[in-house]
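This report concerns only the one structure given below.
The values are calculated or read from the model by the stated rules, or taken from the named source; none is laboratory data. The shown structure was predicted, so the numbers you read here are calculated from the model rather than taken from an experiment. Neighbour counts run over all protein chains shown; Cβ positions are idealised from the backbone, glycine included.
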Amino acid sequence: MTNPLAGSGPVLRDIHVPRVSWWPPAPGWWLLAMMILVLIVAIAMFWLHLRRRRHPWLTARRELDSLAACRAGDRDDVALAAGVSRLLRRIALAIEPAAAATDGAAWQDFIERRGPGVFTLEQLDRLIDAPYRAHSSFDAPALLAAARKWCERALRQRGLHRRGGWLPHPPRPACLSTSPQRGEGWGVAETSATLARHAPSSSS
């Protein structure tokens, strides 16, 4: 028995889905890729910025290493004392700006308060007087060891990171600059000028 519908009407065939190439991507995918790339770059920059702000001790340690290397090469105690003095002033400017512009007993009180018993009285006198002398001699390794200990205590105290501890003026190796002349160290006058630059301007 034959099918009465056989041979009548159109011939039906299976549906064939055309193959779609994944390349090149649609414009929307290009836009998404660019947005992801921008996001990655922004996160990386923010992470680096946060790391610099949260680790001022690493900056201070690198500068002390540079000072130690320069002292080992040129045996210049005056340049060493001037470099350590500049570093302490910059740290003071970061953690307690009012103390950064002090001198004499007030400056020594700040040093002792932030690192009790770290520096001896003789070492403090050398830090204050040596940059203004043509020649000076003292126990350089002991001074560097005390400076490392003081910087670590002052910069790793609780709350400094949240306040955004930073060291103004990126350090440069001391041996790349000339030996400080009389009055060239980072002292009260230079610190006061830096404070004035960072202070908000008052409108008249």
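Here are the numbers for the structure shown:
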read-out: Qualifying position, being surrounded by 10 or more Cβ atoms within 10 Å (Cβ to Cβ) and at pLDDT 95 or above, among V78, V38; value: V38
read-out: All positions within the stretch 127-150 that are touching a residue at least 60 places away in the same chain (Cβ under 8 Å) and in contact with a Lys or Arg (Cβ under 8 Å, 6 or more places away or on another chain); value: F138, A140, L143, L144, R148, W150
read-out: Flag for R126 being modelled with pLDDT under 90, out of contact with any Gly (no Cβ under 8 Å at 6 or more places or on another chain), buried (at least 20 other Cβ atoms within 10 Å of the Cβ) and among the charged types (D, E, K, R); value: yes
read-out: Output for the stretch 129-153, where each listed residue is at pLDDT below 90, among the small types (G, A, S) and not in a loop (DSSP other than H, G, I, E, B); value: A130
read-out: Enumerated helices (runs of 4 or more DSSP H) restricted to the stretch 27-101, each holding at least 2 residues that are of a type in the set (D, E, K, R); value: 27-54, 56-74, 77-95
read-out: Meets criteria (among the basic types (K, R), without any contact (Cβ under 8 Å) to a residue 12 or more places away in the chain and within 18 Å of R156 (Cα to Cα)) for R113; value: yes
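For every residue, the table says whether it meets (1) more than 15 Å from A68 (Cα to Cα); (2) touching a helix residue (DSSP H, G or I) at 6+ places or on another chain (Cβ under 6 Å); (3) of a type in the set (A, V, I, L, M).
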{"residue": "R90", "(1), (2), (3)": "yes, no, no"}
{"residue": "A105", "(1), (2), (3)": "yes, no, yes"}
{"residue": "F110", "(1), (2), (3)": "yes, yes, no"}
{"residue": "G117", "(1), (2), (3)": "yes, no, no"}
{"residue": "R126", "(1), (2), (3)": "yes, yes, no"}
{"residue": "P141", "(1), (2), (3)": "no, no, no"}
{"residue": "W150", "(1), (2), (3)": "yes, no, no"}
{"residue": "R153", "(1), (2), (3)": "yes, no, no"}
